[in-house]
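Heads up, the thing below is written out as structure tokens.
The values are calculated or read from the model by the stated rules, or taken from the named source; none is laboratory data. Note that the coordinates shown come from a computational prediction; the quantities given were computed from them, not determined experimentally. Here Cβ is always computed from backbone atoms with ideal geometry, including for glycine, and neighbour counts include all displayed protein chains. When the accessible area is computed, the model is the full protein with side chains, heavy atoms only, and any ligands, DNA or RNA have been set aside. Shrake-Rupley method; radii C 1.70, N 1.55, O 1.52, S 1.80 Å.
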Amino acid sequence: MLRLEPRPEPSKAWVYASPALALLITILVAGVLFVALGKDPVRGLSVFLIEPWANWRGASEIALKSIPLVLCALGLALCYRSNVWNIGAEGQLLMGAIFAGGLAMWATEAKQSFSPWVFMWLGMLAGAIGGALWAGIVALLRDKFNANEILVSLMLVYVANLLLSYLVFGPWKDPQGFNFPQTVTFDDGTLLPRIFKGLRLHWGFVIALLAAAAMTVFLFRTFKGYKLQVGGLAPAAARYAGFSSRSALWTVLLTSGALAGIAGSMEALGPLAQLTPHVSVGYGFTAIIVAFIGRLHPVGCIFGAALLSMFLIGGELAQSRIGLPSALSNVFQGVLLVALLACDTLIHYRIRSTSRSHYAC
């Protein structure tokens, strides 16, 4: 018989071993699913885990998909460390895309000439404003009416999605777009400059890395970051020390919303070059998994984003090359999150065998 026994203190080894074990469990489950679907598991795992990295173009696509995941996950990690449960990064991303896309559409239709290096910052500013305003609604309702931020932020995702659909099906629809729900294609001067010629990877990748570095400094090298983390770990101690929970709430939600809004602006002004109902493929929700895989650490979010981006691209390759359903990558994301939550139990508990005198784990 096995039972869980509380550890005297959390295991530092399992903090880092847990994501690795969760990934291994996900790979094993994936192999079983491939067999159940009548596919070669070796071939299936190769498509998901190896082929996305097989060439420079594939690696650049992983980096491209990592951009919104890193930015959203950074904001979510900040919220979760502060014990503020923002689930609405998807909606904040969409609002950022709407604000930045609207600005780009105006510049395109008004034939305003911009340098891409100038408009990049204007677009990010517009996206940050849109995302922060959307997250500000969550902060306001939590602050003034004690509304649950989980429900409010989640419901606002659907409001943002409906607003985007209204715009691209209605007043912003391209009259020359053969009735497709999309805006005009944005002028080249409004699009993010690319890092390498012939590849879609743009300079938003560098900005995402710089944002991770800035978040690391903020969290672990500033007094403000220290106060936010204390408020999340020990609210009573934070109140005793005079740290304002209200200030923390507004700070983390506005910052998280701004980062998600910037991610949305980079999607609209990057690979899409227009607004459609499918600006996001669920980046805001996937970023929740990224944040937890990365142990709520900015550097960890980068590696978590690369892993989930690999799953997204692997799912596309698996659909086209071996006929697997496109939803399989979402299944693997879910398995990874559940496995991670289960493995995290070993951080605070050890497995003890009641039939023997030694620990099983």
Packing rank of 194-204, 77-87, 316-326, where each peptide gets the mean count of other beta carbons within 10 Å, highest leading: 77-87, 194-204, 316-326
Angle between the chain longest axis and helix 12-36 axis [Cα atoms, degrees, rounded to 10]: 70
Alpha-carbon centroid distance for the pair region 124-150 / region 174-214, whole angstrom: 25
Between 0 and 90°, nearest 10: helix 89-109 axis offset from the chain longest Cα axis: 20
Relative contact order (%) - criterion: Cα under 8 Å, at least six apart; region: region 1-101: 10
Contour excess over end-to-end distance, with Cα ends at Ser46 and Asn179 and 0.36 nm allotted per residue: 43.9 nm
Pair Leu4, Arg221: separation of 7 Å Cα→Cβ label points (nm): 3.7
Mean separation of Cα contacts under 8 Å, 6 or more apart, over the residue count of the chain: relative contact order %: 35
With Cα atoms, 0 to 90° folded angle of helix 204-221 axis to the chain main axis: 50
Length released on extending from Tyr16 to Ala342, taking residue separation times 0.36 nm less the Cα-Cα span: 116.0 nm
Around Arg239: net Lys/Arg minus Asp/Glu count, Cβ-Cβ under 14 Å: +2
Along each principal axis, Cα extent of region 215-275, largest first, Å: 50, 22, 14
Accessible surface of the chain [probe 1.4 Å, protein heavy atoms]: carbon and sulfur percent: 67
Label-point separation, Arg352 to Leu28 (7 Å along Cα→Cβ), nm: 2.5
Overall Cα dimensions of region 1-146, principal axis frame, Å, largest first: 69, 47, 28
